[in-house]
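The values are calculated or read from the model by the stated rules, or taken from the named source; none is laboratory data. Just so it is clear, the structure is predicted and the values come from calculations on it, not from any experiment. Reconstructed Cβ throughout: ideal geometry from the backbone, glycine too, with neighbour counts over all protein chains shown. Just the protein is used for accessible areas: all its heavy atoms, side chains included, with ligands, DNA and RNA removed. Shrake-Rupley method; radii C 1.70, N 1.55, O 1.52, S 1.80 Å.
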Amino acid sequence: MEFKKLTLDDIDRLRPYFTENTCRINDCTVGGTFIWRDYHQTEYSLDDDGVLFFKISYPEPAFTQPRGIEPNRESYERIIEYAESNDLPVRLCAVGEAKLEGILELFPGSTVKSDRNTFDYLYNSSDLTTLAGRKYSGQRNHINRFMREHPTWSFEPLTNERIPEVIAFYQKFAQENIKDAFSYNEGNLKSEEVLDNFELYGQYGGVLYVKDVVVGASFGEPLGDTLYVHQEKADVSYHGAYPMLVNQFAKMYVTDEIEHINREEDDGVEGLRTSKMSYHPSMLMTKYTVELKY
């Protein structure tokens with residue numbers, strides 16, 4: 001195997017490998033892979049048989065499961081051979097619950113770990129589109145106040161014409177919400193890249209306005225039965241802007257085929273964790289790291 005750095009130019013070539021995501025985790029989407037490619041120092045290898053391998057820093061060196069085939073012992077042995085030849089640990093990362101059992105059947109005795117900070121938040125799509133029931137009374141109250149105080153609000157699809165003002169909004173947000181975290185800054189940087197290459201990334205987005213002022217914007221992608229939300233930012237000086245953004249984005253892009261919404265992980269940020277838990281996820285999607293015993 002020969003690995004090379006993953007770049008934006010690789011999206012169209014590798015897009016077919018992201019058409020299925022039965023484990024429903026963000027790491028297996030175009031956005032989740034390419035937005036964080038530099039943060040994870042992602043490299044890839046595509047062999048003659050059309051099998052795709054990723055090597056990343058997670059934060060230690062690791063490999064994702066082979067794609068293009070149902071992973072089998074032979075495909076994992078290619079990882080083992082490469083890792084041994086390059087003095088790397090034989091480690092798999094971002095393994096979803098649905099795939100873990102198959103790995104352990106092939107490599108019994110392997111060491112399995114997980115980190116709560118990396119768990120994805122999965123919600124029932126109907127919960128976020130309706131916010132029905134007592135458990136969502138807080139969000140509904142915030143939304144009602146927002147609509148009462150800002151009757152000129154609207155939520156519009158993120159079109160090419162709206163991209164420049166959304167980029168300006170994201171830039172202003174980053175300047176006003178400085179955090180000493182590389183992942184946070186990288187996320188801001190790559191959000192601009194996504195918007196500059198919106199069609200290439202294959203994203204869907206929405207913009208929350210008060211009159212003609214952008215007060216929130218989000219984007220993501222549907223895949224299978226799940227809508228993945230890669231970015232959500234709102235101006236908190238507009239009370240209720242975040243619940244409005246979450247609810248309106250779900251209403252705009254949830255179809256009959258979409259049963260779940262994945263709003264990604266919280267990176268261990270306490271405020272973000274509290275916020276995401278307040279929307280009552282149906283499941284926390286565990287991502288496992290597996291040290292193969294072979």
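Of the numbered criteria (1) without any contact (Cβ under 8 Å) to a residue 24 or more places away in the chain; (2) under 26 Å from residue 41 (Cβ atoms), the one residue 132 fails is (2).
Could you check region 104-133 and list, in sequence order, the residues that are of a type in the set (A, V, I, L, M) and farther than 23 Å from residue 276 by Cα? Selection gives 104, 106, 112. Of all residues in region 104-146, those satisfying the criterion of being of a type outside the set (Ser, Thr, Tyr), over 22 Å from residue 280 (Cβ atoms) and touching a strand residue (DSSP E or B) at 6+ places or on another chain (Cβ under 6 Å) are 112, 113. You will find that of 229, 194, the residue that is β-branched (Val, Ile, Thr), closer than 17 Å to residue 263 by Cβ and either outside any helix (DSSP H, G or I) or open to solvent by 20 Å² or more (accessible area, probe 1.4 Å) (or both) is 229 and no other. Checked against (1) in contact with a helix residue (DSSP H, G or I) (Cβ under 7 Å, 6 or more places away or on another chain); (2) among the polar types (S, T, N, Q); (3) open to solvent by 60 Å² or more (accessible area, probe 1.4 Å), residue 125 meets all criteria but (3).
Quick check on my filter: what residues within region 99-122 are out of contact with any helix residue (DSSP H, G or I) (no Cβ under 6 Å at 6 or more places or on another chain) and under 28 Å from residue 246 (Cα atoms)? 114, 115, 116, 117, 118, 119, 122, listed by residue number.
With a requirement of 1 or more residues that are free of Cβ contacts under 8 Å to residues at least 40 places away in the same chain, the strands (runs of 3 or more DSSP E) lying completely within region 1-114 that satisfy it span 43-46, 52-57, 61-63.
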